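I have placed the structure first, in the form of C-alpha cells, so that the comments after it can refer back to it.
The values are calculated or read from the model by the stated rules, or taken from the named source; none is laboratory data. Just so it is clear, the structure is predicted and the values come from calculations on it, not from any experiment. Ideal geometry is used to build each Cβ from the backbone, glycine not excepted, and the neighbour counts take in all protein chains shown. Accessible surface is based on the protein model in full, side chains and every heavy atom, while ligands, DNA and RNA are left aside. Shrake-Rupley method; radii C 1.70, N 1.55, O 1.52, S 1.80 Å.
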Amino acid sequence: MRDEAETRDQVWERRTELPLFFASLLFIAGYAVRVLVHEGHELWRDLASIVVLLTWLCFVLDYVVRLVLSRTGPLRFVRRHWLDTLVVLMPTLRPLRMVKVHDAFQARRDRPRRSLYPRVITYAGLSAVLLGFSGALGLYHNERQDPASPIHTFWDSVWCVCQTLTTVGYGDVTPVTPVGRLIAIALMIFGMALLGAVTGSFSSWLIQVFRREDEEGPPEDGRSPGAPL
C-alpha cells in the first residue's frame, strides 16, 4: 500500500537512504585516512582513495537513477533537489540529509517518530558533528601545504572549525587558501543554522517544560509534590 501511494523515485529514495548513509560514513572514513595518514603509507592511502571513489560513484549512480525515475527535466530536478545536487558535488555534506536518514531508520524498525524537540536536537546535533569533522578534514587537506597558513596540524583545523561553528572567531587560526575559505563559508552558513536549531529547540523545550509545571500548580492541600499523606 505504501509503495502504491509513492512515486517510483520516492520508493527508490526510501529504500536506498540507509545504504547510502553507511556509504557516506565509508566516504568520510576513507577521506580521513587519505588526509591524515602521512606519506610513506602508500598502500593505506591507495585503499582509502579507492573507497572514496567507489562511494562517490554510488552517490552519482543514485542521483542519476532518481533523475530518470522522476520523469522530470534535469533543470527542474536540480531545482527541486538542490541539496542532493550539492551532496553529489561535495559528498562531505552528506550529513545534511540526516533528517531523512533518521526517518528511514525509524521506518525500517516500525517505530513512531519522537516528539519535535528531541528530533530537532538529535538531527541538528549529529549533523553539526559530522559536518564539523568533514570540514576539519577539508581545511587540513587544503591548508597544510601553504606556508602562509597557520593551520599546520589536524588539531589546528579542528580548532578553526570550532571557532567558526560557534561564531567565537578568535582570529588566531584562519584559512588562507581559496578552497579553505570556501569551506569556512560553508561551515558558517550550515553550521550556524544547525547549532542555532539545537540551542533554539533546547530553549523552547525548557520553556515548554516550565510552562507545563506552572499550569499544573501545587496540590490543593498545600503539600509539596511527593510529600507523604
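Within the set Arg181, Arg212, the sole residue that is part of a helix (DSSP H, G or I), more than 13 Å from the chain's Cα centre (by Cα) and modelled with pLDDT under 85 turns out to be Arg212. For region 133-172, the set of residues classified as open to solvent by 60 Å² or more (accessible area, probe 1.4 Å), free of Cβ contacts under 8 Å to residues at least 24 places away in the same chain, part of a helix (DSSP H, G or I) and under 18 Å from Leu195 (Cβ atoms) consists of Trp159 only.
Looking across region 23-44, just one residue is among the small types (Gly, Ala, Ser), surrounded by fewer than 15 Cβ atoms within 10 Å (Cβ to Cβ) and either at negative phi or in a helix (DSSP H, G or I) (or both), and that is Ala29. The one condition from (1) over 25 Å from the mean Cα position of the chain (by Cα); (2) modelled with pLDDT of 75 or more that Leu229 does not meet is (2).
The condition (being of a type outside the set (A, V, I, L, M), closer than 15 Å to Tyr31 by Cα and open to solvent by less than 40 Å² (accessible area, probe 1.4 Å)) is satisfied by just one residue among Thr92, Thr72, Thr85: Thr92.
Examine region 1-15 for a residue that is open to solvent by 100 Å² or more (accessible area, probe 1.4 Å), within 23 Å of Ile183 (Cβ to Cβ), modelled with pLDDT of 75 or more and part of a helix (DSSP H, G or I), and state whether such a residue exists. For region 1-15, residues open to solvent by 100 Å² or more (accessible area, probe 1.4 Å), within 23 Å of Ile183 (Cβ to Cβ), modelled with pLDDT of 75 or more and part of a helix (DSSP H, G or I): absent.
Within region 64-96, the set of residues being more than 22 Å from Ala186 (Cα to Cα) and of a type in the set (Ser, Thr, Tyr) comprises Ser70, Thr72.
Under the condition of being open to solvent by 50 Å² or more (accessible area, probe 1.4 Å) and of a type in the set (A, V, I, L, M), the residues counted in region 177-208 number 10. The single condition among (1) surrounded by 13 or more Cβ atoms within 10 Å (Cβ to Cβ); (2) on the phi > 0 side of the Ramachandran plot that Leu47 does not meet is (2). Return a yes/no flag: does region 61-76 have any residue that is part of a helix (DSSP H, G or I), at pLDDT 75 or above, among the basic types (Lys, Arg) and under 24 Å from Trp12 (Cα atoms). Scanning region 61-76, I find at least one residue that is part of a helix (DSSP H, G or I), at pLDDT 75 or above, among the basic types (Lys, Arg) and under 24 Å from Trp12 (Cα atoms), so the answer is yes.
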